[in-house]
Every structure is written in structure tokens, then in C-alpha cells.
Amino acid sequence: MSATGKYGSVVVQGFSVVPVKFSEKSKAAHYLYLKEHTVRDSDAHKPKNRTLFVLSVPPYCTEESLRRVFTQCGKVQRVYLHRKPTAGLPVLDSSKYFPATPPIQGFKVAYIVFKDPKSIQRAKNLPYDKPLILSTPEHPLLIGLNKWCKEYEENVVDVREMQTEIDNFMAKFDQKQEEELRKAKENEGVPDEEGWVTVTRVGKKKGIPRTEALDKKAKEKERKKRKEKELLNFYTFQNRENKRDEIAKLRKKFEEDKQRIVLMKASRKFRPY
Amino acid sequence: MGTDMEDDKRSPIGSDEPPLKQARLSKGKLYMPPTNEELNQLRETENLFHSSLFRLQISELLSEVRLKEKRKRIMNIAAKELRQILLKLPEGKEHDIMHQKWLTKSGFQVPLNQNPWDVKGKFHFLPPKEATIIGSFTSDTCVKPDVHLDMMVVIPKECIQAKDHLNHRYARKRALYLTVLAKHLDNQPKVEDLMFTYHHGNHLKPVLVVTFKVEDCKLVNIHLHPVPEEGSFKVNRFHICKNNIRPHWYRGQAAVGDQVEENQPSTPFYNSTVLEDLTMKTNQEFLMQQQEDSSGVKEGITLLKVWLRQRELDYGYGGFTGFIMSMYVTYLLSQRKLNVLMSSYQVMRNTLINLTKSDWTTEGISLQAPEGQPHIPTMSDFHDNFDVVFVDRSGFLNICYSVNSNTFQRVRHEAELAIEMLERIDLDNFESLFMKPVPFHLKFDHMFHINCTDDLITSFDGLGLSEQLIDSCGDYVQTCLPTILKILGKALGKRVRLLQNKLISPPKWYVTSSPPKVPFTDRLTVGLLLDPEYSSNVLDKGPSADLAEAAEFREFWGEKCELRRFQDGSICEAVLWAAGGTMSTKRLICSKIVTYVLKKCLGLSKKNLDYIGGQLDDLLHMPIHIKGNLPPYGTGEEQTLAIMNVYDDLCKILRRLELPLTINSIQGTSPVFRHTEVFSPLPAKYKHVEYASDDVRLLPRADKPCPVWSPIQKVVCLLEGSGHWPDDLEALRRVKAAFHIKVAELLNQNKLPVQVQPTSVLVLKDGYVFQVELAHTREIGLLKLTKTQDGMVKMRDTEQSLALEKEIIALPKLTSTLHGLQQQCNSFSGTVRLANRWVAAQMLSDFVPDIAVDLMVAHIYIAPLPFKVPGSPLVGFQRFLTLLSTFDWSTSPLIINLNYKFTKEDLTEIRSRFTKERSTLPLMFLSTPEDKFSSLWTKRAPTAPILQRLILLASESLKVLNKQLENSDGQDFRQIFRPPLDVYNVLIHLCQKQLPRQHQAVDLRKDTYIPCYQDDVESNKFPITQFDPVQIYLKELRASYDEFALFFHDTFGGNVIGVIWKPNVFVPQQFKVSHVNAHKPQASAGQEMELVSNIEAIVEDFRILGGGLVASIEVKS
């Protein structure tokens, strides 16, 4: 299932293989695997015929560098980076201080949306022997110590900005909660199509919340009640059975101990020196 | 009934045994009516043994150590055949004792140091009168391994002349007799090997070790003990108060006039040596008669022998031998303290209890028959001449004549510990009692070796030992030993609980080589068991100056002694050992005392003394230049204290803050708060290396050396519960952040520089940076909440909820518990930090959770049996390595009874659940009262290969360390802290100047930057904290190349990262969308394109990602 492409490109399982190097000086290259993005339910953001699906994107690679190296195939509209292949959009973090997803590290996949559908073919025909260069003297990638120092520097909170963000969020949140409460009150006591009425906490008759803890408590109570009713050591047979159980317990324990010893013996636990 | 254990044993992980069948009786069998016999047995177990498990364990142990019937038969045959040979030996010619050419010319050497040489008398070899088996074989109390037969060979009366009791003549004849035996036996085809050794290390008592061949291949070791025939000597001749070695003869002087024997110094040692031979038969017969074939007694003795041997007490000169133990059991039988119907467990237990109650050093015991002979020595005679007194059946011999009082105290101490073990409900008591070895170097907190050169003899006159030197026939080491121990005991006083010399196993040599010189070792090893309460006192307070004892005190301490006025107004003699030193110097005060006293009393120079106590302290020392008012950095205890004080102040401030919710508890959770931080942090006031800075913070610069490491200290504040928290996680995060902003504001009003972060507040106080984190339990609940389909709300642990619970509940609790432990045992911190340092040095600290190490060390301190709580970091560390390497992780849970909260039922439950669920539980399973069944801290790590490697490294390190401690002179104790690098496939060497912790490295290099602390660096700007490029680099590497390789690094200043490729990396794979990262295509044989790992590119990436940090990369083929 493999063949050498027409223009010196290599294709594996439908993926064109394109080498990529960090800089001109790098000796070894990584290989990108690219293919046209095809899914049944296409997303408007990743249009079917214009999106290039790229696998094995090296860790230091950024959106900008990808955009730059693929511009040679045509104008790039958008680049999306993901941890794993996904049809949808990456989760966009609306909040600066409370990110919903951790930043992507390590190898990733990319979706490159071109302006022109023809660019896809051009990209697929990129030669196998001429690696793309990610970091050029004009556009260096930030790596290593430089990057870490910069990250340290940027890791600071603008208190006022954060406070505003919190205030905004909380205002919205409170509003939403009120809305829900209002709705719940409105629907209180209104039967559904089949005529059932849901008991909610806002109604006049507040039902008991259905939680595991409460459930357990109720069961325990019942068990206790039942036990209190029972008579112990009352009938002769109970006494007799108790004694019998006692001996059975001893026997069982003895048997278990023997078993333990066998195990210990197997692991040579009785060789003192 | 102490114990029980659930059934269902799965086969242990990693072993290939088939799983055992469940120990479940059928219902019918369980409820069968009991037979009388069975009831009896069940009752017996309850009454006569600790528990049924203990009973079974004992019988297993016995079957393991006792001789098998087959072996016994063979040994009997051997004895019989040898006896036949011995009795038929031809008679020899008469020779002068001093003329030994007739013997030596055939190559045999007399196994005795014949010094002085001149002895009168004639030696005439006659075949033995009788040869009988004696000793433990006859009473069936032998303990494997190294079983030998003892055979008593009776020298006929005719060989003994008058006056043979004098001046070594008997000893000479005995040795010559043995040599002749050796000469004759040498020709025997069945004799495989002939050697000499000393009986119990006594250099006057050689024995011949015959390796005898039976049935063509089975070898039996037989020790031949020559004894004179009954009636050869009057026993009275060897009364311990009489003299049998004339000093003038010994010194080679002519007899001065008619010396009266009574005026000569007594020779108790020499007399006892001979008496031992004379009474051998009597005692043997008595032993046999008393034991009456009682299997309980015999098994009890066997158990006690195993117990002694595990404690290395039963061999060598001065050992508490199995013979003494047997005699003691016999004594107890005769005193009706034991009876023949007792079970082995009862015999053992009662013997040990009686041993703890008796003190043979002051009240000796005696087995002497009531109708004894006349002229026997009195008890006070014995006490005057010996340390420890246990008189035999004849009434003449003290069978403990060679035991010194310190060894006896050790035996008693061990007996006390044994009783403690038996009374503990814990299951493992059997193991600590009989199975775990208690080697000398693990038992004692400090040790020292003395090289005894014969220069020592010059000090003997002063110590009054010259006469004893004659008695011991020149063995100056053993002569001075009791005195040395006494002096040291006096000097160390309360500082030590126990002081004991290490017993030395006697040498063995071929019959054709000359015997080892006397003393056969010039090395003494003495161990100190410290009493932590007193051992580091800097001052010894003596008597008040005006008392009479003051003079004695002054004389004892010499120049060190001075008059001091104390706070209560009294003026006393006192000795000051260290004025205000660091903890590391205080810990070694005993070494100062020992060195001083030995020098003063024995004239022992420092070069002959090798004190072992603080050898590893260097590993905890952090080199640092200090300018200003800061205590010097010893092993970090002072710095930990300093940061604790600042932390306490911070807690006070935090509690005073006016927040909408009150703070329920404040607890620091960084390692320093549990005393487990290897290097205590200092205030971040280092001489500037040139940093960049913005308006509030100092910032690192890539083109400059990395700033010195200064960590942040985490503090968790648990808020009170409140119904006002939102029920939504996202909202909750924001409310919490708002809280943090508030806290920061309030702290800032207290003039503390702060930095707000979404999940915490950084506070700079007195140079330390604290990370204050508000927390409340509601968040855990929210994370756990799940709704089932039918609308039931359930609490289910999720990964996040567990992580949070660990962070804000478990860790604070554990931290405060371990802090408490440190308050009780002050060497805990040192041990745990050494352990952590060692794990890090093996580059494994990222793979072995530090809490797991902390807990293991805590276990050593909480459950030290069969030892005492470690009294020094060195011994604690050794026990940590022992625990790590010998614990059976696959089949047992390590139960850490923090605060002793476990009940008996808990222990049983943990064990049974552990065995049931073994396969689903972590490999290293740690159970604490707060976390019984989940082993929270070791859930993910260590993995099987890492644990295996850790165990291997631990046992190797232990071996090396033990060897080094045996002779510490000029040893490099950092050796076990240097990791072997040959296992790694790739080595990434790092730039020295970018390592913020380079000064913490095991080995300092020439270019290592030693940070300079300056008190006056006053800056309101936030210092650079928690910035370690190597850690960030490692994180990036692991994030990207986790499926290809493992990365190892020593957190504390390691300048190399070791990389090991995962085993499946080199296997070509089919193309799969999920597995193409860092792979390259490769044409395979079948025209099919395959993917292989792009190793060159990955290695190249290592360099790229670590730009500025990586110096070079070394790829091994």
C-alpha cells in the first residue's frame, strides 16, 4: 500500500511524508504525515476540500511557523493545533486566568486551512528529500532557556484585570442561576405529557434529595430496627448454633493459618539465615 | 488468639508459582461435631502458644533448622567409625615436652602459642581411653547450618604427670595430644580434611576439626575435644583463687627463693580453661538427665539458639553460647521455673522472662549439687574474679568465665526486646523474633574500631592489668577489653543505653600451618546504643566542687574538667564538649568523649581509633558562604528551625486576617515542614548574579548563569464550611481567586510583599517565599458528584477529586504527623533526608514518590523491632536500605502505624484485603491509619522495573557501605551516592552554570558556584523562586517523548540526564494514525512501508529543546 509519488514524494497509507527540520543546521529531520482532511460531518471551520490534515508535528512547532512553511503551497487561512485528531474546533479559552484546557505539549496534529483548494495537492507533492525549515534566522522559534525565562517573566497576574474577569463571570453566573430558578418555579406543579409531576426543591412540598448517603442512612435505620426485634440467645438451638459457629470459626482460622504457612514456606520465609 | 488471615491466596506478583487452592473447608467439614482430640488441640494452642499461626510458624522454623533423621543417622555412623579409629591408635614414644622435632618434621604444627617456651615434663602419647559424643547433638538441639559433632576424647591418666597443672604444662600436653591425633588421622582414608580451631575463641583451647567421610560422599564435621581422664587432677587444684602460672616462670626470671603459692596472684582464667575440660563430663551428664527427653524443652532450647544466633551473640570469645543457654534452661528446670511438660513456646518465653529479671553480674546463679565436694569457691570468690557468674554442676567452674558484663547486658536487653515483641499484637513478631538478623552494625547507633597494638601493654600497669595479662597468657586485647568498656561506660554515662564489643569468630587453620599469633585479632569493635535524650548533651555536670567526689571526677576527666557556675547558683565540676555548635557536631559528642577518654586512659592515638557515626553527614551539608547573621550550615537542622519560626509568624498573621470566612486550619505542606527537605532553604538573599527585573520582581536571564535555587513553601489554609459557595466548579474557581486577591490585599497591609496567582498567593516574609493556598472541602465534594441515570446523586472518586484530597487533606495531615514524629525522635529528619538524598542520587526521585520514602523511614522509627529506634542518621539510613531491599513487597503490605492508631482488627483487615486484592493494588503498598486500603502515595509509582532497580541498588549500596564502615579510614563515603551511568543509552550533559542547585551536588567540581548569602541584600522585589531550568526541561522531554524513553536525573544538582529507550522503540510498526509521532517511514522486506522510531531526530530534539542548557549529548551504541 505504498508507493513513491510522482514528484519525488513518498506516500504511506495515503499520507504524504514530508521531512521537517528545526533549523538549517539540524542534522536529523522529523517527518510530517499529511493528507486532505475528510470527515463525514464537515465543519465550517475546517472546510472539506481546503483543509490539510498534518500528523506528527514536532513539539517546538508553533502555529506561525507552520503557517510560514506552508505558505509556499498557497495562502494559509488558519492553522489549528490539537493534541489528537478531532473534527471540531479546538476549545477556545475565553478566560486568560482560568484556562479550561491545559496548553498542548509534545507532538501534536495540525489542521491547515488554505485559501485555495489547489494548495492541498501542492502540499501533498512536497518533495521527500527537501526538508521544511521551521526556525530561520529571520523568524527564530523560541526554545530552551530563552523560552523558559520568557515564560517566567510572563507568569504574572494583573490583579485588576483578573478581578474584572471574575466580576463579569460571576454576574453572568448569578444571572443564569436566577434564570434557572425562575424557570423551575414556573414549571413547579405542571405535569408533563404523561401527566407526571416532578417534585423539585423549589416547590411547597420539598422532596428528599436523592443522594447515596441519605439512601444508605435509610437502609441502615431499617436494618437496625429489624435487628432490635430479633431475640438472641433465647432458644436452645441458638445457643447450640453459636457454639458450633465458634468451633467452625476456629477451624476455619486454623485452616487459613495453615494456608498462610504454606505460602510463607513457598517464599522461603523460614530460612533464618 | 492473636491473628487470623483471610483465605484466597493469589500467587504473588512476579513469582511463577501456580496459584494455591483456596483454604476453604466444605460446610460439612466445618460443622462436623468436634472430636475430643481436636478440642484438646484447639485449647492447647490457646493455652500453650501465642496463637495458632505462631504455633505453626514455630514448627516450620524448627523443621527448617533441626537435623533431619537421615542426617542424624549419618552423623552417628561417622562418630562411631571415628571412635573405632581413635581407640585403636598405636602408642607413641616418650618425649620431652620441649622436644617437638619428632612431630614437626612430618609437617604438623602444634596448635598453641608456646610462649614462654621453657616447660618441664615429658609427653607420652597413649591412645584415648574413650571417645564419646557430647554437646548439642546428643540432646538434639543442634541448629543448622554449620552443624558439627562434638566429641570428647579422654586422655588416659598415665599421660598426666604430677605438677602438670602448673605453668601451661597441661595446655601444652593437650595441644601435643591433638597434634598426634592429627598426625595419625591424616593417614586415614575416610578423613577428608583436618583443621584446628579454638574452642569458643579461647586461644588455650585448640580443637581438632575432622571432616569425616561416610558412605563415600557424605561429609561430617567432628570437633575433637581432648579432656583428661577422671582422677588425673584434683579439681581443687584449679580453685579460681589459686595460682597455676608462676609469674617468675612467665617472665622468664629465676624463682626467687621459696615462694609461697598463696602469695601469688590467682589465675582464674587459666584455671577455668582447665576446669572446663575437667567438668565436661559431669555437666554433660547433668544436662542430659535434667532434660529428660522432653521435646518441649529441647525445642525451646533450639528456638533460643536461633534467637541468639540471629543476634550474633553465640560465637567467639566471650559469647553467650548455646551451651550457656542450655545450662540456663536446665537451671530454670531445677529451680522449678520451668517444667518438662511445657511447650517450646512456653520454655522460650519463660526463659527470656527469667533472663530479664536476673542479673548475673551482681547475683550469680549456681547449678552446684547440694552434696558438693569440699573446698569449693564461694559466690563472692566468683564475683571477685569474674564479671558474670553462672556456676556449673561441680561448683568449681564459672561457665560464663569469658563473658563480660556488657555482653550479658546486651543479652538481657535483647531478652527485654523479645518479651516486648511477644506482647505486641502485631503479626510480625515471629519474624522479628526469629527470622530477622540483627547484625552488629544495624543494632548500634555509633561504633568505633580500635587497632590494638602491643603499645597498649605499657598502659597496663597503670590500669592494674599486668597480672591479668599473665593469666590470659599474653592476650592483651581480651585482657584490656573489660576495662576499656568499664571506663567508657563511666565516661559516657547516661548517654548510652548499651555498650558492647563485637564478638569475633575464632580462626581456623590447617594442621600443617602454625597457629595464629596471640591475640589473633588486634581489632576491637565496640558499639554504642545511644539514649537520644542525653546523647547530645553538650555538658557533663559533675559533683559540687566542695564534695569529696569532686576530686575523683577531676582525676577522671583531667584537663577537660573545669569549675562552672550554673543557673541555680551552684558551682560544680563540669566538662564542656561543644559550645553552641550545630546539631551535626552535637550528634557526635560521644565520639569526642570516646576519643578523649581512650587517649587519656590507654594512650590510644587518634590514628588507631576509627569512630563511626557521622560518616554520611557530609551528604546533608550544603556548602555556602555566609556573610551576616546566620548560623553556619551544618546538616540543615538550624535552618529548618529558622524557617519554621518564620512560618509560625506567618500563621499568626494569617489567622488575624479579617476574611469573610474564618480559617479552620493552616498547615505547611512542603517537605521542609515535615523535616524531609534534603537541603533546608535559606532566605533568598543571595549576592546578585545580575538579574533582570520588572518593577516588582527579579527575573532570570538566559544569557547569565542561573540564579541560586530558592523554593517556595506551600501553605494550605482550610476555610470553614459555608453554604454560600457556588455549586458550580467554574464559579467556585473564580470565587476562590477572588478570595486570594482579598488575602493578598490584607497581607499587603501587613507590609508583606505579595504576588497574586489564580490559585494561590505568594508572600515574601523574611526572605522566604510562601505560597498560601486557600482550600475548602466543598470542592472535593463537587468533583466527586455524579448523577446516575435514574437521578440518584452519587459520590464517586475521580482523578481530580483524589488529587485535590491528597493536596488539601492527606498531605497536611501527614505533614503534621511526621513533624510530630521528628519531635519524638530527633534523628528522624537526618535519616529521611539521607534516604531522599540517596534516592535522588540514584536519579530515581522522579520515579519514586518522596512521600513513600518518608513513610518507609517513618516505619523504621515507629516499628523498629527487632531493634530500638535508630539513634543516628547513619544507622537509620542503613536500616532504610535494609527495609527497602529485604521487604517482600509482592506479598506483604507495609503497615505504617502512624500515631499508633491501628487496632488489631484494622491490621487483620488490611492484610486480608491486601491478599485478596493483590493484583489490583500498587506494587509498593503502604498503608497508614489515614489511608488504609488505597496506598494513596504509591498509586502510580514506582513501577515494577523501577522498584526492582531500587531494590537492587539498595542491596548493593548496603553491601558497599557495610564494607566501608568495617574500615572507615580513607574511605569515600560518597561512593554509594554516585549513580552508575553505564545503564543509560543516551547521556545529556548539562551546562554547569545553568544549574541552580549545583552546590547541592554529591561531588563538587572545580567550577561549582558556591552561593554567597548576604544578610544586607535588602530588596523589596520578589526573588526568583522555584525556577529550575532542568526541571522545566525534563517536563518538556517527558511530555514529548514519554512513549520512547525514560529520563533520569538527580534533582539535587545533577549535571547529567540519563535516557533509557523503552524496549518497544526499536520494533518497526505498521502505519497507524495514533502512532506516527516522531516516526520515519522505512521500506520493509515485504514492499510494505513500515514506521520506525526516528531516533536521530529525537536525539536532535533533546538538543533543540534544551537550547542554552544542554552542553553535549552522548549517545551510546
When Rg is the radius of gyration of the Cα atoms in the range B:794-864 and Rh is its Kirkwood radius, what does Rg/Rh come to?
-> 1.06
Once phi is turned into ³J(HN,Hα) by the Karplus curve 6.51 cos²θ - 1.76 cosθ + 1.60 with θ = phi - 60°, what whole-Hz value does each residue of the range B:846-863 show in order, with x for glycine and proline?
-> 7, 10, 10, x, 5, 5, 4, 5, 4, 5, 4, 5, 4, 4, 4, 7, 7, 10
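Report, as an integer, the average count of C-beta atoms from other chains found within 10 Å of each Cβ along B:1035-1042.
Mean inter-chain Cβ contacts per residue within 10 Å come to 4.
Can you give the relative contact order of the range A:2-155 as a percent, counting alpha carbon pairs under 8 Å and 6+ residues apart? Can you show the working numbers first?
Working: 264 pairs, mean separation 48.0, N = 154.
Relative contact order comes out at 31 percent.
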Report the calculated FRET efficiency for B:K218 and B:V960 (r = Cβ-Cβ distance, R0 = 35 Å), to the nearest 0.05.
-> 0.35
What is chain A's relative contact order, in percent, from Cα pairs under 8 angstrom and six or more apart in sequence?
-> 16 percent
Would you mind calculating the gained length between B:E371 and B:H1075 on full extension (0.36 nm times residue separation, minus the Cα-Cα distance), in nm to one decimal?
-> 244.1 nm
Chain pair A, B: how much accessible area is buried, both chains summed, with a 1.4 Å probe, in Å² to 100?
-> 8500 Å²
Measure out, as a whole number of angstrom, how far apart the alpha-carbon centroids of the range B:358-420 and the range B:893-946 sit.
-> 48 Å
Would you please give the FRET efficiency between A:Q238 and B:N339, computed as 1/(1 + (r/R0)^6) with r the Cβ-Cβ distance and R0 = 56 Å, to the nearest 0.05?
-> 0.85
For the range A:220-273, what is the accessible area per residue in Å², given a 1.4 Å probe and the full set of protein chains?
-> 83 Å²
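A:Q77 to B:Q823: FRET efficiency via 1/(1 + (r/R0)^6), r the Cβ-Cβ distance, R0 45 Å, to the nearest 0.05?
Values: r = 66 Å, r/R0 = 1.47.
The value I calculate is 0.10.
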Losing no less than 50 Å² of accessible area (probe 1.4 Å) relative to the isolated chain, the residues of the range B:775-792 are B:M792
Carbon and sulfur %, accessible surface of chain B computed with the full protein complex present, 1.4 Å | 50 percent
Global form of the range A:220-273, assessed from the alpha-carbon gyration tensor, a/c cut-off 1.5 | oblate
Report, to the nearest whole %, how much of the accessible area of the range A:2-155 belongs to carbon and sulfur atoms, 1.4 Å probe, protein only.
-> 52 percent
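By its C-alpha gyration tensor, with a ≥ b ≥ c as the square roots of the eigenvalues, how is the range B:498-626 shaped: rounded for a/c under 1.5, else prolate for a/b larger than b/c, else oblate?
oblate
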Express the accessible area of the range A:2-155 per residue in Å², computed with a 1.4 Å probe while the remaining protein chains stay in the model.
-> 52 Å²
Cα gyration tensor, the range A:2-155 - rounded (a/c under 1.5), prolate or oblate | oblate
Of the listed peptides B:986-995, A:28-37, B:96-105, what is their order by residue-averaged count of other C-beta atoms within 10 Å, with the highest listed first?
-> A:28-37, B:986-995, B:96-105
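With an 8 Å Cα cut-off and a minimum separation of 6 or more residues, compute the relative contact order for the range B:106-153 in percent.
Result for the range B:106-153 is 37 percent.
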In chain B the DSSP beta bridges are antiparallel at a rate, in percent to nearest 5, of 80 percent
Charge sum, other residues only, whose C-beta stays under 14 Å from B:I643's C-beta, Lys/Arg counted +1 and Asp/Glu -1 = -2
Descending packing, highest mean Cβ count within 10 Å first, for B:590-596, B:950-956, B:693-699, B:320-326 is B:320-326, B:590-596, B:950-956, B:693-699
Average partner chain C-beta neighbours within 10 Å, per residue of B:58-68?
-> 2
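Looking at the range A:2-155 only, what percent of DSSP beta bridges run antiparallel? Nearest 5 please.
Among the beta bridges of the range A:2-155, antiparallel pairing accounts for roughly 95 percent.
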Other-chain or far-sequence residues with amide H under 5 Å of A:L132's (modelled H) | A:V20, A:K21
Would you mind computing, in nm to one decimal, how far apart the modelled labels at B:Q253 and B:E552 are, each placed 7 Å from Cα along Cα→Cβ?
-> 3.2 nm
Cross-link table B:K443/B:K939; B:K742/B:K1021; A:K147/B:K1035, entries beyond 23 Å C-alpha to C-alpha | B:K443/B:K939
Kindly write out, for the range B:622-636 in residue order, the coupling ³J(HN,Hα) from the Karplus curve 6.51 cos²θ - 1.76 cosθ + 1.60 (θ = phi - 60°), rounded to whole Hz, with x marking Gly and Pro.
-> 10, x, 7, 8, 10, 10, x, 8, 9, x, x, 8, x, 10, x
Step through the residues of the range B:644-652 one at a time and calculate ³J(HN,Hα) from phi using the Karplus curve (6.51 cos²θ - 1.76 cosθ + 1.60, θ = phi - 60°), rounding each to whole Hz and writing x for Gly and Pro.
-> 4, 5, 4, 4, 4, 4, 4, 4, 4
Antiparallel DSSP beta bridges within the protein assembly as shown, percent to nearest 5 | 80 percent
How far apart, in nm, are two points set 7 Å out from the Cα along the Cα-to-Cβ line at B:E807 and at A:V159?
-> 2.2 nm
Check: C-alpha center the range B:547-604 vs C-alpha center the range B:444-489, spacing in Å is 23 Å
For residues of B:187-196, the mean tally of beta carbons on other chains within 10 Å = 0
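Mean residue ellipticity at 222 nm from the helices of chain A, using -39,500 (n - 2.57) per DSSP H segment of n ≥ 4 over the full residue count, to the nearest 500 deg cm²/dmol? The partial results should precede the final answer.
Working: 6 runs with 104 residues, N = 273.
Value at 222 nm, helices only, nearest 500: -13000 deg cm²/dmol.
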May I ask you to give the percent of accessible area on the range A:220-273 that is carbon plus sulfur, with a probe radius of 1.4 Å?
-> 51 percent
Just order B:552-565, B:235-248, B:389-402 by mean Cβ neighbour count inside 10 Å, highest at the front, would you?
-> B:389-402, B:235-248, B:552-565
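The values are calculated or read from the model by the stated rules, or taken from the named source; none is laboratory data. Computed from a prediction, not measured in an experiment: that's the story for all the values here. All Cβ positions, even for glycine, are placed from backbone atoms using ideal geometry, and neighbour counts span all protein chains on display. Please note that ligands, DNA and RNA were not included when accessible areas were found on the heavy atoms of the full protein model with its side chains. Shrake-Rupley method; radii C 1.70, N 1.55, O 1.52, S 1.80 Å.
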